[in-house]
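The values are calculated or read from the model by the stated rules, or taken from the named source; none is laboratory data. Please read these numbers as outputs of a predicted model, since none were measured by experiment. Cβ: placed from backbone, ideal geometry, glycine included. Neighbour counts: every protein chain shown. Each accessible area value is taken on the protein alone, full model and side chains, heavy atoms only, with ligands, DNA and RNA left out. Shrake-Rupley method; radii C 1.70, N 1.55, O 1.52, S 1.80 Å.
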Amino acid sequence: MIPDRLVLATANPGKGRELRELVAGWGPVVVAGLDAFAGVELPDERGGSYAENAVAKATAAARATGLPALGDDSGLEVEALGGAPGLRSSRYADSDAERIAKLLAALRDVPEALRAARFVCVVAAVFPDGRVATAEGVCHGRIAAVPAGRAGFGYDPVFVPEGFDRTLAEVGAEAKQRLSHRARAVRSLGERLQHGPAGV
Ligand code: IMP
């Protein structure tokens, strides 16, 4: 069942904007941000999987607000770095600019053909009565040699999605919302909620 109201369990404005638009694709859902509620604390992302972290965030928001909540955990997995930064993508360095600089430095001697990477996102819907549904989305691509573009957030300026020769920050919001890991995860969760077992 698609809920008619939902709170987004994220403090990241870039993710919040994208999730809000993507959830609109499910139909007429009234979406609130955490800023509409006082003092909701999201847990640290210390779980052992994206799913664990996404469920933990959504559970905290559902408990605190009494509303169904949508949590998201995501990361960038770079093949030449053995899948790093992965689950630790947000803790890789202190700011988006520093994270990008550190990533490009780690890949300095890696040629274009070996710079394969993927974004992974798991979204979790948690209902106040404890029901949980999750879905994963993946976006394949490669890491650019230098940052380019101003759209999006996070690692977007250095991620070139498969089939493109420009970064996610250059292709812009409309294209990103069609092909991103988050878009795929939210579409898949919508289908799961719509057609899922009784009650979810
Ligand atoms: P978390 O899901 O809040 O742990 O974020 C993981 C890290 O990956 C953060 O540094 C985000 O900025 C980054 N990240 C997650 N999704 C995206 C995206 O769609 N584009 C660029 N960076 C992202």
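Could we say that SER180 is crowded, with 20+ Cβ neighbours inside 10 Å, under 22 Å from GLU45 (Cα atoms), of a type in the set (S, T, N, Q) and modelled with pLDDT of 95 or more here?
Details: crowded, with 20+ Cβ neighbours inside 10 Å: yes; under 22 Å from GLU45 (Cα atoms): yes; of a type in the set (S, T, N, Q): yes; modelled with pLDDT of 95 or more: yes.
For SER180, the condition - crowded, with 20+ Cβ neighbours inside 10 Å, under 22 Å from GLU45 (Cα atoms), of a type in the set (S, T, N, Q) and modelled with pLDDT of 95 or more - is met.
Which condition number in (1) within 14 Å of the ligand (Cβ to nearest atom); (2) crowded, with 21+ Cβ neighbours inside 10 Å is the one that VAL126 fails?
Result: VAL126 passes all but (1).
Applying the selection to segment 90-109, what residues are open to solvent by less than 50 Å² (accessible area, probe 1.4 Å), within 12 Å of the ligand (Cβ to nearest atom) and small (Gly, Ala, Ser)?
Correct list: ALA93, SER95.
State yes or no: is ALA80 open to solvent by 40 Å² or more (accessible area, probe 1.4 Å) and touching a Leu at 6+ places or on another chain (Cβ under 6 Å)? Quick ask: steps written out before the conclusion?
Numbers: open to solvent by 40 Å² or more (accessible area, probe 1.4 Å): yes; touching a Leu at 6+ places or on another chain (Cβ under 6 Å): yes.
Considered against the rule, which asks whether it is open to solvent by 40 Å² or more (accessible area, probe 1.4 Å) and touching a Leu at 6+ places or on another chain (Cβ under 6 Å), ALA80 comes out as yes.
Run down ARG187, ARG166 and say which single residue is at pLDDT 95 or above, in a loop (DSSP other than H, G, I, E, B) and either open to solvent by 50 Å² or more (accessible area, probe 1.4 Å) or closer than 18 Å to PRO85 by Cα (or both).
Values: ARG187 fails: in a loop (DSSP other than H, G, I, E, B).
Sole residue among the options that is at pLDDT 95 or above, in a loop (DSSP other than H, G, I, E, B) and either open to solvent by 50 Å² or more (accessible area, probe 1.4 Å) or closer than 18 Å to PRO85 by Cα (or both): ARG166.
For segment 149-163, what are the residues that are under 18 Å from ARG115 (Cα atoms) and either more than 12 Å from the ligand (Cβ to nearest atom) or in a helix (DSSP H, G or I) (or both)?
Within segment 149-163, ASP156, PRO157, VAL158, VAL160, GLU162, GLY163 qualify.
Given the criteria surrounded by 22 or more Cβ atoms within 10 Å (Cβ to Cβ) and not in a loop (DSSP other than H, G, I, E, B), does LEU87 qualify? Spell out the reasoning first.
Details: surrounded by 22 or more Cβ atoms within 10 Å (Cβ to Cβ): no; not in a loop (DSSP other than H, G, I, E, B): yes.
So LEU87 fails the test.
May I ask you to say which residue of ALA61, ALA36, ALA69, ALA32 is in contact with a helix residue (DSSP H, G or I) (Cβ under 9 Å, 6 or more places away or on another chain), open to solvent by 60 Å² or more (accessible area, probe 1.4 Å) and over 19 Å from PHE119 (Cα atoms)? If you could, list the steps in order and put the result at the bottom.
On the way: ALA61 fails: open to solvent by 60 Å² or more (accessible area, probe 1.4 Å); ALA69 fails: open to solvent by 60 Å² or more (accessible area, probe 1.4 Å); ALA32 fails: open to solvent by 60 Å² or more (accessible area, probe 1.4 Å).
Checking each option against the conditions leaves just ALA36.
Applying the selection to segment 110-123, what residues are charged (D, E, K, R) and either open to solvent by less than 20 Å² (accessible area, probe 1.4 Å) or closer than 16 Å to GLY83 by Cβ (or both)? Give the derivation first.
Restricting attention to segment 110-123, the residues satisfying the condition of being charged (D, E, K, R) are 112, 115, 118.
Selection gives ARG115, ARG118.
Quick grid of which residues meet (1) out of contact with any Asp or Glu (no Cβ under 7 Å at 6 or more places or on another chain); (2) touching a residue at least 60 places away in the same chain (Cβ under 8 Å); (3) more than 14 Å from the ligand (Cβ to nearest atom):
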position	(1), (2), (3)
ALA116	no, no, yes
GLY130	yes, no, yes
VAL138	yes, no, no
LEU168	no, no, no
HIS181	yes, yes, no
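Could you grab the pairs with beta carbons closer than 9 Å, sequence gap of 6+ or different chains, first residue in segment 1-15 and over 16 Å from LYS57 (Cβ atoms), second one part of a loop (DSSP other than H, G, I, E, B) and open to solvent by 40 Å² or more (accessible area, probe 1.4 Å)?
Within 9 Å, the pairs are MET1/ALA198; MET1/GLY199; ASP4/PRO28.
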